[in-house]
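The values are calculated or read from the model by the stated rules, or taken from the named source; none is laboratory data. Computed from a predicted model, the values in this text were never measured in an experiment. The protein model used for the area step is the full one, side chains on, heavy atoms only, and it has no ligands, DNA or RNA in it. Shrake-Rupley method; radii C 1.70, N 1.55, O 1.52, S 1.80 Å.
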Amino acid sequence: MSQTTSRSEQVIDGYKKHKLAASALAGIHALIQGFEQERVVDRRLAVIGLLSILLLVGISTYFLLSTGSLTLT
C-alpha cells in the first residue's frame, strides 16, 4: 500500500515551495539591482577618465603649440 499525503499536507508543501521560490527571486532581483548600480558607477567613472585624458591632451597641445618650436634631445 502506498502512503498518500493528506490535502492539507500538500497545501502546506506547496506554500513552503512558493515562499522559497519568492525568497530566491527576491535575492536574485537584489543581486541584479546591485550589478546595475555598479554598471552606472563604472560608466560614470569611464566618462570622467576619458574627459580627464582629453583635458590633459588639450593642455599639453596648447603648451606645445604656444612655444612655437619643438626640441627633442
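Restricting the search to region 1-39, which residues are open to solvent by less than 80 Å² (accessible area, probe 1.4 Å) and not in a helix (DSSP H, G or I)?
Residues satisfying the conditions are THR5, SER6.
Give LEU72, LEU51 a once-over and let me know the one that is among the hydrophobic types (A, V, I, L, M, F, W, C) and at pLDDT 95 or above.
Among LEU72, LEU51, only LEU51 is among the hydrophobic types (A, V, I, L, M, F, W, C) and at pLDDT 95 or above.
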